[in-house]
Amino acid sequence: MTLKTPDPRVTQTRQHAIDATTKIICAEGIAAVTHQSVSLMTGISRSTLYRHWPDLASLLNDTYKTVSDPPSSEFTSLGSLADDLKRLVESLVFALEETEWGRMVPQIVASAAVDVTSTELLHGFVAERLLIAEQIIVAAKTRNEITASASAEDLLVLTISPIYYRKLLAGLPLDQGWIARHIAMISRVTLGG
């Protein structure tokens with residue numbers, strides 16, 4: 001049995017529609033995304049868009065998946081828990097402030113509150129990051145920086161929740177000074193003092 005290679009025109013059409021959806025979300029918000037608005041921006045007929053995405057949720061979720069593809073979960077320790085956490089925090093801050101994904105995060109979170117598929121997508125995104133946190137924990141345990149009972153999930157929540165709070169709820173800056181204080185606080189907590 002041979003696998004059929006996807007038609008490059010189909011791939012190109014899908015990517016063009018997803019790019020347009022991303023632009024609409026970033027510029028006008030999720031409520032502005034319709035098959036019609038994507039059609040107007042791209043020149044792709046609505047019937048073609050409906051053939052690829054019968055409902056709006058499937059188009060939005062494909063868009064979210066495209067822009068939120070996680071970085072490689074390969075992990076190489078920088079030598080200390082503080083340095084590893086700093087890299088994790090700085091990469092998240094960069095993603096939130098400098099990428100399309102970051103501009104879409106508020107929309108993704110809002111959608112996840114009311115749509116099961118979006119919720120699953122968001123949970124998958126967090127699960128990918130948990131793999132990195134687990135690797136940070138293993139490396140720190142190997143160096144005896146934290147106890148054997150330390151939880152990767154707890155460390156991830158402790159590390160990234162304040163970032164989302166500052167960015168999405170409080171509108172506070174995520175500057176290098178705050179990042180340094182945040183990492184120092186997490187290091188003190190994980191070291192037990």
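The values are calculated or read from the model by the stated rules, or taken from the named source; none is laboratory data. Note that the coordinates shown come from a computational prediction; the quantities given were computed from them, not determined experimentally. As a convention, Cβ positions derive from the backbone with ideal geometry for all residues, glycine included, and neighbour counts pool all protein chains shown. The protein model used for the area step is the full one, side chains on, heavy atoms only, and it has no ligands, DNA or RNA in it. Shrake-Rupley method; radii C 1.70, N 1.55, O 1.52, S 1.80 Å.
Annotations
- Looking across ALA170, ALA133, ALA152, one residue alone is among the hydrophobic types (A, V, I, L, M, F, W, C), open to solvent by less than 60 Å² (accessible area, probe 1.4 Å) and modelled with pLDDT of 85 or more. It is ALA170.
- Pair list, Cβ < 6 Å and 6+ apart or interchain, from segment 73-97 residues that are more than 20 Å from VAL138 (Cα to Cα) to residues that are aromatic (Phe, Trp, Tyr) and in a helix (DSSP H, G or I): ALA95/TRP101
- Counting only helices (runs of 4 or more DSSP H) wholly contained in segment 96-193, the ones carrying 1 or more residues that are farther than 30 Å from ILE24 by Cα occupy 116-142, 152-164, 176-191.
- Flag if MET41 is in a helix (DSSP H, G or I), touching a residue at least 60 places away in the same chain (Cβ under 8 Å) and surrounded by 15 or more Cβ atoms within 10 Å (Cβ to Cβ): no
- Being in contact (Cβ under 8 Å) with a residue 12 or more places away in the chain and either open to solvent by 20 Å² or more (accessible area, probe 1.4 Å) or over 30 Å from ASP55 (Cα atoms) (or both) holds for only one residue in VAL109, VAL157, VAL116, VAL105, and it is VAL109.
- Test: GLU90 is loosely packed, with under 14 Cβ neighbours inside 10 Å and assigned to a helix (DSSP H, G or I): no
- Residues (open to solvent by less than 90 Å² (accessible area, probe 1.4 Å) and not in a helix (DSSP H, G or I)) located in segment 3-38: ASP7, GLY29, VAL33, THR34
- Set ALA20, ALA57: member being at pLDDT below 90, more than 19 Å from LEU130 (Cα to Cα) and among the small types (Gly, Ala, Ser): ALA57
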